[in-house]
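Just below is one structure, and these are the notes that go with it.
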Amino acid sequence: MSVFRPKKEDSIVVDTTTGRRRGLKAEVFGAFNPSMLGLGDVKKEAEAIPAISAIFDLQGFTNFCKQIEPELSVPAFLSAFLDWMFDSIKEETKESAQDGAVLMYHDLPFYAKFLGDGLLLVWSAKGMGAVAQHNLIISLHRICEKYRKVFLPKMRKKVVEPPDRLRCGIAKGTVLSVGDGNDFVGSCINLAARLQKLPGLTFSFAARGFDPESRWEPDTLKNWTLKIASIRGIGENELVYVRTAEYSKLTGPDKDFFRDP
């Protein structure tokens with residue numbers, strides 16, 4: 001992705017009927033076009049990829065950016081957060097190291113995109129077995145927990161009122177490449193974005209394509225509750241897994257949002 005930022009030398013002074021004015025050189029003006037998106041040839045036929053999408057959202061990031069002197073706090077926080085996030089993904093992915101190779105519980109994401117207040121991560125589900133896919137859910141939940149228990153206490157000593165929670169929504173489906181494969185779209189990305197905003201929760205995943213009842217041990221499965229939720233733009237009766245501990249604390253409209261299957 002490019003930034004359209006003309007320099008002083010990209011403008012010239014011209015005589016007009018109202019006097020001398022400064023304007024952009026015509027070739028610079030013409031450079032403002034879809035190529036600055038960095039997508040490549042958007043007319044290319046899209047490649048369909050079976051995928052697992054996760055949206056991570058920093059709750060309270062907008063208010064964090066409104067504090068005094070944000071130019072001092074925001075870069076410091078984002079630099080630390082992004083380093084920590086990618087290190088955490090690698091840490092949760094790595095099972096062991098042997099003979100110069102890293103053995104993994106599941107694959108690493110093939111695509112990552114900064115969203116302004118969070119991250120979009122996409123894993124290819126092609127060739128990633130069912131056990132690994134369910135391991136991935138556990139890994140991403142552990143990252144959200146580590147944000148609250150490990151990362152946040154450290155950041156509170158470095159910046160004022162950092163975002164207090166890291167939310168995550170996960171969905172499985174198909175993504176389509178855009179242009180030269182520098183971006184991706186798909187309903188599973190949209191669903192993941194909706195899931196991370198479910199009222200009162202910080203973590204959830206769509207049941208579609210997953211089967212935790214047959215993949216997780218009872219001690220793990222008891223930590224999750226299957227519910228029906230109306231997801232805007234997706235469906236009125238989506239099956240969603242939420243954390244049992246979080247769901248049990250919901251009250252009023254937040255709890256009424258969910259129904260039993």
Cβ-Cβ below 6 Å, separation at least six or inter-chain, first residue in region 91-117 and farther than 18 Å from residue 137 by Cβ, second open to solvent by 60 Å² or more (accessible area, probe 1.4 Å): which pairs?
96/103; 102/94; 103/95
Restricting attention to region 210-237, the residues that are open to solvent by less than 40 Å² (accessible area, probe 1.4 Å) and touching a residue at least 40 places away in the same chain (Cβ under 8 Å) number exactly 4
Would you tally the residues in region 51-100 being over 19 Å from residue 167 (Cα atoms), exposed (fewer than 13 other Cβ atoms within 10 Å of the Cβ) and of a type in the set (Ser, Thr, Tyr)?
1
Scanning region 22-50 residue by residue, those surrounded by fewer than 11 Cβ atoms within 10 Å (Cβ to Cβ), more than 30 Å from residue 185 (Cα to Cα) and charged (D, E, K, R) turn out to be 22, 27
From the list 173, 127, 181, 116, exactly one residue is under 21 Å from residue 87 (Cα atoms), open to solvent by 10 Å² or more (accessible area, probe 1.4 Å) and either small (Gly, Ala, Ser) or outside any loop (DSSP other than H, G, I, E, B) (or both). Which is it?
116
Subset of region 247-261, residues farther than 22 Å from residue 188 by Cβ and either surrounded by fewer than 16 Cβ atoms within 10 Å (Cβ to Cβ) or over 23 Å from the mean Cα position of the chain (by Cα) (or both), comes to 248, 249, 250, 251, 252, 253, 254, 255, 256, 259, 260
Got at least one residue in region 47-58 being modelled with pLDDT of 90 or more, closer than 25 Å to residue 157 by Cα and not aromatic (Phe, Trp, Tyr)?
yes
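The values are calculated or read from the model by the stated rules, or taken from the named source; none is laboratory data. Because the structure is a prediction, the values reported are computed rather than measured. Positions of Cβ are backbone-derived with ideal geometry, glycine not excepted, and every protein chain shown enters the neighbour counts. We work out accessible area using only protein heavy atoms, side chains counted, and drop any ligands, DNA or RNA first. Shrake-Rupley method; radii C 1.70, N 1.55, O 1.52, S 1.80 Å.
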